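Colleague: First the structure, then my questions, so here it is.
The values are calculated or read from the model by the stated rules, or taken from the named source; none is laboratory data. Since this is a predicted model, take the numbers as computed values, not measurements. Glycine gets a Cβ as well: all are built from the backbone with ideal geometry, and neighbour counts include every protein chain shown.
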């Protein structure tokens, strides 16, 4: 299973760069989800991260196709109410595009529209969706059985729920709060990677 980390838009540029420069080695992908930054600011962020050793191939721009193009990134994540994936595929055929979905119908429709992967949620209880009932494992399982493209779980993902995810055909997990709200984000990312991939030492999980 793959580990995707999703930034939460709550950190200063310097702190975010510092965190990502350290945690990227434990993640298969990092979603740059910084809604309040301009395309120029996002492009600058990507360039600094690249100089810090974070491969651009690991970076996925969330919701901002303009910033992805400007930054030279190859992948975007499209929110449920963002640009239609069909539009993105028609106008930017070189971009890999994932879609965020919250229902089985959305998942099926987005695959038909050309999505390369899906992030489905929120699966478990999470403070970022306070007051909203989680969709649950059965929701995730149905989506995995209904589409042929990779599906990643999001929402309340922490080490204690990973055994449940491993029972499904899910491609991996997308994690925000457990890492980016942690006092020690690197330790949190390392713990998730270890639980997902096995091993006890860094060389076993990198």
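Colleague: Of everything in region 103-127 that's in a loop (DSSP other than H, G, I, E, B) and in contact with a helix residue (DSSP H, G or I) (Cβ under 7 Å, 6 or more places away or on another chain), which residue is surrounded by the fewest Cβ atoms within 10 Å (Cβ to Cβ)?
Modeller: Step one: of region 103-127, the residues in a loop (DSSP other than H, G, I, E, B) are 103, 114-116, 121-126.
Adding the requirement that they be in contact with a helix residue (DSSP H, G or I) (Cβ under 7 Å, 6 or more places away or on another chain) leaves 114-115, 122-124, 126.
Working: 114: 17, 115: 26, 122: 20, 123: 26, 124: 21, 126: 19.
The extreme case among them is 114.
Colleague: How many residues does region 163-197 hold that are in contact with a strand residue (DSSP E or B) (Cβ under 9 Å, 6 or more places away or on another chain) and not in a helix (DSSP H, G or I)?
Modeller: Total satisfying the criteria: 9.
Colleague: Which of (1) at pLDDT 95 or above; (2) touching a helix residue (DSSP H, G or I) at 6+ places or on another chain (Cβ under 6 Å) does residue 197 not meet, given it meets every other one?
Modeller: (1)
Colleague: Go through region 143-161 and count every residue that is buried (at least 17 other Cβ atoms within 10 Å of the Cβ) and out of contact with any strand residue (DSSP E or B) (no Cβ under 9 Å at 6 or more places or on another chain).
Modeller: So the count comes out to 1.
Colleague: Would region 128-148 turn up any residue that is outside any helix (DSSP H, G or I), at pLDDT below 95 and within 18 Å of residue 1 (Cβ to Cβ)?
Modeller: no
Colleague: Could you check how many residues of region 40-89 are in a loop (DSSP other than H, G, I, E, B) and either in contact (Cβ under 8 Å) with a residue 40 or more places away in the chain or buried (at least 21 other Cβ atoms within 10 Å of the Cβ) (or both)?
Modeller: Initial filter on region 40-89 (in a loop (DSSP other than H, G, I, E, B)): 52-55, 63-64, 72-74, 79-84.
Filter once more, so that each one left must be either in contact (Cβ under 8 Å) with a residue 40 or more places away in the chain or buried (at least 21 other Cβ atoms within 10 Å of the Cβ) (or both): 54, 64, 73.
Qualifying residue count for the region: 3.
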